[in-house]
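First comes the structure, then the notes that go with it.
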Amino acid sequence: MWRLSKIILNNFRPYRDKKTIEFSTDKDKRITIIVGRNGSGKTTLLNAITWCLYGEEYHIQSQKKSKGEESLYILNTKIKRDLAEVSVELYFRHTEHDSSFLIKRKQDFEKINDKMEKASRDKLIILYKKHSSLNWLQEGNPDYFIQTLLPKEVHDFYFFDGERLDKLFFTKEDSIRNIKETIEKLSAIDFIDNTIEHLENVKSIVLRNLKDQPKSLDLLRQKREDIENDINNKKKELNDVESGIRDLESKIEDIDKKLNEYKETKQIIDRRKELENMNNEAKIKLKELESNFAELLITKAIYIYCIDAIMTLSDYIENMYKQGKIPPSINPTVIEDLLNENECICGRPLSNNEKNRLYNILKMFKADQELYELLGGNPTNGLINTIREFIKESDKYKKEILDLQNKIKQKERELQTINDILKNTTQENISDLESKRIEYKSQLNSLYIHKGYLVNEIDRREKEKKDVEKELEKEIKKHNKYRKESYKLDLINNSIKLLNKIKEERKKEIKDKISEKTDQFFKQLIWKKGVYNKVIIDDNYNISVLDNQGNDRLTVLSAGEREILALSFIAAVRQVIYIDMPIIIDTPLARIDEENRENIAKLLPEYLKDTQMILLMTNTEYTKEVSKILDNYVGKKLLLNFNEEEENTSIEVIEGEQ
Amino acid sequence: MSNKKSSDLPRDLHVDEDKHGMFKELEEEEMFKKTYAPMKTIFLYAMAIGWYSKQRIPLKKKKASIPSSSISEKERWLLNAIAVAETRDIDIIRDGEEVAKIAEEYANYGIDILYNMRYDNKIRKQSEFYQVLDLDISRVIKSYKSTSDFTLL
C-alpha cells in the first residue's frame, strides 16, 4: 500500500520558507492528527495537496477562484525579493516493497515594479525509485502519471472538507449528476464511452471516403454530416451553458455567504437556504412520483379502456357455468374408453349408428373440456382486480403529487416574501446584494431552460442521425463495389451495440454494489439502531433513507446522521472502485454536536480499515474525549501555530517521532 | 416437433410496416423505455385505445414486431376479452391466430391516437405526456361510471 510519508511546503501561503510535515505511515497507528485554530493553515494544507497534484486549489473561497487570481495568492505575502519560489512536494512510500515516488510542483516569482509576479508557468516534476534503488528517475509524462494515480475528477472522495460533507446529497440536481459522472469515471465507463466515440469517428471516415458515390448516396451522406456537425455544435453550447450555470451558482453562494454575515438578515437567509434545499429535494421527489405514476398508467390503464370487453367475457364465462356447460358433466375419457373397446357399459357391442352418435358427443364434450381447461376458473377476476388496484393506486399517486405540488408552491410563496423583504430593506448593502442575487437567479433560470432545450434537441438530432445512417447503410448495401465498406460498417455498428450493452451492465453492477455497501455501512455506523430500514440509491444516484414504515427520512436526518450517510457512501465507493490513496479530512467533526462527535470518532477508523488518514482538526473538535477514542490509531500528533505578524505557520510535533 | 396448440398466439404480433416508425419513436420515450418490453407496452396501449374507440384497421403490410412470449397471462386474457366481445363467440379464444389478428387491427387504429397524444404540438415535454394520458383515462372512467359495467367493479 502507498502511504503519504511527508509533505514539504516552500513559501506556500502561511508556510513561509521550507516547512516539512511528516505523517504516520505505521500500519496500525495509521492516523495523523493535525490540530490548529481557524486560519492556522489547515485548509491550506488540503489546498497545497490539490495544487501540487492538479495545479488548482479546490478548497478556496469561490470568489477568489472566479477572479482567476489564486495562483498569485499562493506566494507568502511577506516574501519580497527579486526572485522567489513556491513549491509543494509530496513523498509517497510503499509499505511492502521499498519503492517511493515524489511529486513536486513549483512556481517561480519575480519582483516587477515592486510587486511579485509569476515569472513562468508552474512546473510539475515526478521522481521515482523502484525496489531499493538509490537513484531517483524522472517520470516522462507527469500529467498522465497523476491522472492514473488519482484522476482530478475524483479527488473529492479522498481529500474533503468535513463541513461540506453533509451536503453531499443535499445540493442541487447538478451535484447529484456530478456524483454519477464521477463514479462512472472511476469505474472506467468513460473508457467505454471514448471507445464508442472513436468507433463513431471511424464510421464517419468510412462514409466520407466512399469513392465515386452516386448522387442519392452523396446526398444522404451530406445530410448525416450536417446533422453530426449540428450535434457537435450543440454539445459545445451545452458545455458553455453548464459552465455558466456552475459560475452563477457559485456567485449566488458567495452572495449568500455575505448576506449571512449581517446579523439582521442571518435568520431569514438561513430560512431561505433551508426552503430552497427543501424545494430542490421536493422537486426530485415529485419527478420520481410522476415517473412511477406514468409507469402505472402505461402498464395498467389498458384494462380500463377495455372494461366492457372484460365484463362481456366475464358474462360469457358465468353463463357457461350457470348452464352447466363447464365443467363438462361427463369426462370425455369415459366415452373414449367405450369407443376403444367397442362395447356398451352393459357389455353389448356398439352398432355403427351408436358409434357415430358417441363420436359426436365426444367431440362436443372434448371442446367443452378444452375450454374449461383454458379458462382455469374465471380469469376475468384477475383483470377486474387489476382495475380496482389501478384506480386505488392512481388516486393515491394523484393525491401525493398534488400535495407535493402544493407544498412546493407554499414554499415558493414564502421564498418570494423573503426575497421581497431583502430587496426592499433600507440597508443599502443588503438590498444591493439581493438585487444582484435576483439578477443571477433570473439568468440561472434562463440557462436551465436553455439547457433543457439543448438536451432535447441533441436527443432529437441523435435519433434523426440514426435514421439517416440506417437509410445510408441500406443504400450502400445495394452497391456491390462497397462490399468492404458495408462489412466495416456492420462490424462498427455491432461493436457499438455490444459496448453499449456492456456499459449498461457495468453501470448497473457498480450502482447496485454501491447501494448495497452504503446500506450495510450506514446501518453498521449509525447509532440509532433499528430506526432506519434501508438506504437505497437509484440509477441517478438519488439517495433515500427508508424507515421501518417505508418513509424516506433523508430530509429529516440530523447533521451527524447526514455525515455518517456521506461517509458510508464514500466508503462504499472506495470499496467498489478501489484506488490506493490516503484520506485527508478537514474539520471532520465541526458540524457534529458534542454527543455524536464521539460516535463518529469511534467509527471513523472502523469505516476506513487499513487506510492512512490525516485529520485536520480545530481545538474544539479535538476534545479530550475524542482524543481518548482515537489514540489507539494515532501515530502522530502535530500542532499548527500561526504568527499573524510574520505571516508564518510553524509546526510542532506533540506526539510521535520528530 | 412443435407442441403449438391452436389456442396459442402466433410467434410474433405484427404492426403495419407503415406505422412501425411511430412505434419506434414512442419506444424511445423515457416513459416506455423503462418498462420491461417497451414495444409490447406501446402495442397493448394502442390496442386498448383502438378497442375503446371501436375502430379496427386491417394491416396493409405486416411487420413482426412483438414476440408473443413477452405477453403475460393477464395481458393474454385482455386480448381474449376483446376477441370474445368483438365476435360474440367464446370459442374464439381457442383460435390464437384470430385473437392476435383482432388485437393487431385495433392496435393499428389506436397507434395513431397514441402517437398524436404524445406529439401533438402543444405537448413539448415528456413529463406532460403522462398528464395527457391521465386526463384521457379519467374521461374514460367518467364515461363508464354511468354504466352497469363499472358499478360491478
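For the range A:583-598, what are the residues that are farther than 20 Å from A:PHE522 by Cβ and touching a helix residue (DSSP H, G or I) at 6+ places or on another chain (Cβ under 8 Å)?
A:ILE584, A:ASP586, A:THR587, A:ALA590
Got at least one residue in the range A:437-450 being among the hydrophobic types (A, V, I, L, M, F, W, C) and within 14 Å of chain B (Cβ to nearest Cβ)?
Scanning the range A:437-450 turns up at least one residue that is among the hydrophobic types (A, V, I, L, M, F, W, C) and within 14 Å of chain B (Cβ to nearest Cβ).
When residues of the range A:485-538 are filtered for being under 17 Å from the mean Cα position of the chain (by Cα) and among the hydroxyl-bearing types (Ser, Thr, Tyr), how many remain?
Adding up the residues that qualify gives 2.
When B:GLU97 is evaluated against the numbered criteria (1) within 11 Å of chain A (Cβ to nearest Cβ); (2) assigned to a helix (DSSP H, G or I), which criterion, by number, is the only one it fails?
Answer for B:GLU97: the failing condition is (1).
Under the condition of being surrounded by 16 or more Cβ atoms within 10 Å (Cβ to Cβ) and part of a helix (DSSP H, G or I), which residue from the range A:377-390 is farthest from the other protein chains (Cβ to nearest Cβ)?
Checked the range A:377-390; the qualifying residue farthest from the other protein chains (Cβ to nearest Cβ) is A:PHE390.
Would you please name the residue that is surrounded by the fewest Cβ atoms within 10 Å (Cβ to Cβ), looking only at residues in the range B:18-49 that are at the interface with chain A (Cβ under 9 Å from one of its Cβ atoms) and in contact with a Phe, Trp or Tyr (Cβ under 7 Å, 6 or more places away or on another chain)?
B:MET31
Could you check how many residues of the range A:12-43 are over 27 Å from A:ALA84 (Cβ atoms) and β-branched (Val, Ile, Thr)?
Final tally of qualifying residues: 5.
Is at least one residue of the range A:506-514 in contact with a strand residue (DSSP E or B) (Cβ under 7 Å, 6 or more places away or on another chain) and modelled with pLDDT of 85 or more?
Scanning the range A:506-514, I find at least one residue that is in contact with a strand residue (DSSP E or B) (Cβ under 7 Å, 6 or more places away or on another chain) and modelled with pLDDT of 85 or more, so the answer is yes.
Looking at the structure I just gave you, is A:GLU290 among the charged types (D, E, K, R), part of a helix (DSSP H, G or I), buried (at least 16 other Cβ atoms within 10 Å of the Cβ) and out of contact with any Cys (no Cβ under 7 Å at 6 or more places or on another chain)?
yes
Could you figure out which of (1) outside the structural domain of A:LEU615 (by TED's automatic domain parsing); (2) among the hydrophobic types (A, V, I, L, M, F, W, C); (3) crowded, with 21+ Cβ neighbours inside 10 Å isn't true of A:ILE536?
(3)
Could you please tell me which pairs satisfy a Cβ distance under 6 Å, a separation of 6+ or placement on different chains, a first residue in the range A:125-152 that is assigned to a strand (DSSP E or B), and a second residue that is buried (at least 16 other Cβ atoms within 10 Å of the Cβ) and of a type in the set (Phe, Trp, Tyr)?
The qualifying pairs are A:TYR128/A:PHE101; A:LEU137/A:TYR128.
Quickly run through the range A:257-308 and pick out the residues that are aliphatic (A, V, I, L, M) and under 30 Å from B:ARG88 (Cα atoms).
Matches in the range A:257-308: A:LEU297, A:ILE298, A:ALA301, A:ILE302, A:ILE304, A:ILE307.
Looking at (1) touching a Ser or Thr at 6+ places or on another chain (Cβ under 8 Å); (2) modelled with pLDDT of 95 or more; (3) facing chain A (nearest Cβ under 10 Å), which is the only condition B:GLU86 fails?
Answer for B:GLU86: the failing condition is (1).
Within the set of pairs 6+ apart or on separate chains, which have a first residue in the range A:466-490 that is free of Cβ contacts under 8 Å to residues at least 60 places away in the same chain, a second that is among the hydrophobic types (A, V, I, L, M, F, W, C) and surrounded by 15 or more Cβ atoms within 10 Å (Cβ to Cβ), and C-beta atoms under 8 Å apart?
If the second residue must be among the hydrophobic types (A, V, I, L, M, F, W, C) and surrounded by 15 or more Cβ atoms within 10 Å (Cβ to Cβ), the pairs left are A:GLU473/A:LEU489; A:SER486/A:ILE476.
Scan the range A:599-625 for residues that are within 16 Å of A:LEU525 (Cβ to Cβ) and of a type outside the set (Gly, Ala, Ser) and jot them down.
Result: A:ASN599, A:ILE600, A:LYS602, A:LEU603, A:LEU604, A:PRO605, A:GLU606, A:TYR607, A:LEU608, A:LYS609, A:THR611, A:MET613.
How many residues are modelled with pLDDT of 80 or more, loosely packed, with under 12 Cβ neighbours inside 10 Å and assigned to a loop (DSSP other than H, G, I, E, B) when one looks only at the range A:321-344?
The qualifying residues number 3.
Suppose we keep only residues that are within 16 Å of A:LEU313 (Cβ to Cβ) and touching a Pro at 6+ places or on another chain (Cβ under 9 Å) within the range B:54-75. Which one would you say is surrounded by the most Cβ atoms within 10 Å (Cβ to Cβ)?
B:LYS74
Of the numbered conditions (1) more than 10 Å from chain B (Cβ to nearest Cβ); (2) part of a helix (DSSP H, G or I); (3) within 30 Å of B:LYS40 (Cα to Cα), A:ASN356 fails exactly one; give the number of that condition.
A:ASN356 satisfies every listed condition except (3).
Residue by residue through the range B:52-82, note down the ones that are aliphatic (A, V, I, L, M), without any contact (Cβ under 8 Å) to a residue 60 or more places away in the chain and under 18 Å from A:GLY376 (Cα atoms).
B:LEU78, B:ALA81
Does B:LYS61 meet the test of being among the charged types (D, E, K, R) and in contact with a helix residue (DSSP H, G or I) (Cβ under 8 Å, 6 or more places away or on another chain)?
Criteria met by B:LYS61.
With at pLDDT below 90, surrounded by fewer than 17 Cβ atoms within 10 Å (Cβ to Cβ) and assigned to a helix (DSSP H, G or I) as the only criterion, which of A:LEU402, A:LEU374, A:LEU433, A:LEU422 stands out?
Within the list A:LEU402, A:LEU374, A:LEU433, A:LEU422, the selection yields A:LEU374.
Do we have any residue at all in the range A:626-637 that's touching a strand residue (DSSP E or B) at 6+ places or on another chain (Cβ under 7 Å) and either surrounded by fewer than 16 Cβ atoms within 10 Å (Cβ to Cβ) or among the basic types (Lys, Arg) (or both)?
Yes; the residues of the range A:626-637 include at least one that is touching a strand residue (DSSP E or B) at 6+ places or on another chain (Cβ under 7 Å) and either surrounded by fewer than 16 Cβ atoms within 10 Å (Cβ to Cβ) or among the basic types (Lys, Arg) (or both).
For B:LEU9, only one of the following conditions fails: (1) within 14 Å of chain A (Cβ to nearest Cβ); (2) surrounded by 16 or more Cβ atoms within 10 Å (Cβ to Cβ); (3) assigned to a helix (DSSP H, G or I). What is its number?
Failed condition: (3).
Please go through the range A:284-326 and give me each residue that is of a type in the set (Gly, Ala, Ser) and either more than 10 Å from chain B (Cβ to nearest Cβ) or touching a residue at least 60 places away in the same chain (Cβ under 8 Å) (or both), ordered by number.
A:ALA301, A:SER314, A:GLY324
The values are calculated or read from the model by the stated rules, or taken from the named source; none is laboratory data. Because the structure is a prediction, the values reported are computed rather than measured. Cβ atoms come from the backbone with ideal geometry, glycine included; neighbour counts cover every protein chain shown.
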